[in-house]
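Read the figures in this text as sums done on the coordinates, not as results from a lab. Being a predicted model, the structure only gives us computed values, none of them experimental. Note: ideal-geometry Cβ built from the backbone for every residue, glycine included; neighbour counts use all protein chains shown.
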Amino acid sequence: MFLSKKLIKEIYLICLVTISCSCTLIYGKDENTHSENTNEINQKEPQKHGNFALPNSQQPGPLVSFGENIIDKNQVQSFLFADDFVGVKKKSVDLVPAILYGITDDLSVFFNVPIAASYKDDKNHSSGLEDMFLQLENAFYTQKNSNFIDQATLVANITFPTGSAKKEPPTGFGSPSFFVGGTFNRTYTDWFGFTSHGVVVTTSQNNTKFGNEFFYQCGIGRNIFSIESQWIVAWMIEADGQFNEKDKIKGIMNSNSGGNTIYVTPSLWVSSKNTIFQLGFGLPVVQHLFGNQNKNNYLLVANFGWTF
């Protein structure tokens, strides 16, 4: 457990130091430079190149981490997300078609229909519809100047028990669950960084309750190249931590469930005026699983989006 805590601290320090260093490079050269740039800082927003070469909906964002799905009013995006978690004697492949709609410039609604394409745990196999969810995200704070844009959001969703808790492995919680979380991101012309934290609160059905889930995530990235109003290409690296409480099945605590895992996932972002494509490969750097559970090996993840 000491190793887990140490790695968690290192990952967060890397993210925070990177964002802090970026601020220092821009603002901390000397007092004269600060004075000379006062007029620029008071400008409304950065120039349209680098990470800002395309509209907000097409700018780089997280691949695995939740949130940061704020788009313009009445704008629509469709997505097809896919992941493949591979471990020792276990595997799970998910396909997630989704629709994102901008209610206002600061409020979006996101509807996801996850599908378990293939789940395997030892000799058990399952597939089928997972728990669908409806998510709202509000950007309650946005600050722009000539150098960067800051944004903080609140995220909340409800999942519907369309999956199955009886299948082995299960494809759903068997009852509604609720998620609440928050995100913060800062985007410069070349660099960007983000952090997000949230919790899934599950409910019980027939004396069965899956453990609550706690998420702690951060990431950094950099623009590779861009063509104004045409293309953005960027890389990023995310650290996605998840702590699961133990499950209770028919009133009995399952000692072989729950635990703490952190994946580090480098990925590539490519976007145009209408399309978004992301591809990443993740490795678990922390695995503290309770009881007797098979270990995770790696993660493949991709996302394709179309903006209307």
Worksheet entry | Crossing angle, helix 2-27 versus the chain [Cα axis fit, 0-90 degrees, rounded to tens] | 20
Fill in: the stretch 2-302, relative contact order [Cα under 8 Å, separation at least 6], %
17
Worksheet item: In terms of modelled amide H atoms, which long-range or inter-chain residues lie less than 5 Å from the amide H of residue 211?
Response: 247, 248
Practice prompt. Quote the FRET efficiency, to the nearest 0.05, computed for residue 140 versus residue 290 with a Förster distance R0 of 41 Å and r equal to the Cβ-Cβ distance.
Written response: 0.70
Worksheet, complete the sentence: Of the candidate values [x] 46, 46, 31; [y] 49, 46, 38; [z] 67, 45, 29, the one computed for Cα extents along the principal axes in Å from this structure is [z]
